[in-house]
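The structure appears right after this line, and notes come after that.
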Amino acid sequence: MRCILYYLSLLCCLITSPVSADNSRNGELLASTCAACHGTRGHSVGGTPSLAGLDELHIIKQMKEFTSALRPSTVMFHHASGYTTKEIELMATYFSRQIKP
């Protein structure tokens, strides 16, 4: 019995490790959907705000305000509502690590 528990715990460790390593890649993939308006890697070239280098918590707060209608925006309400909390956190981490324009 002890041997089975050992192998099960080892298997769980092996399964969860790659998922953690992929979080930065997942954040980058999720953030790529923002490029049309906010520019590649969050470097806007138009009138839309740049996201690169913004504080992670600031981005999360703004996304929550869009989804709760505290910050009115038809476009961003629809975009932000399509993400889970974890996905928003991954994108916020990604953008916060980019160099400010």
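Scanning the stretch 1-24 for residues that are among the hydroxyl-bearing types (Ser, Thr, Tyr) and either under 15 Å from the mean Cα position of the chain (by Cα) or at pLDDT below 50 (or both) yields 6, 7, 16, 17, 20, 24.
Counting only helices (runs of 4 or more DSSP H) wholly contained in the stretch 25-101, the ones carrying 1 or more residues that are surrounded by 12 or more Cβ atoms within 10 Å (Cβ to Cβ) and at pLDDT below 95 occupy 35-38, 56-67, 74-81.
The values are calculated or read from the model by the stated rules, or taken from the named source; none is laboratory data. Just so it is clear, the model here is predicted, and its values are computed rather than measured. Don't worry about glycine lacking a Cβ; one is built from the backbone with ideal geometry, like all the others, and counts go over all protein chains shown.
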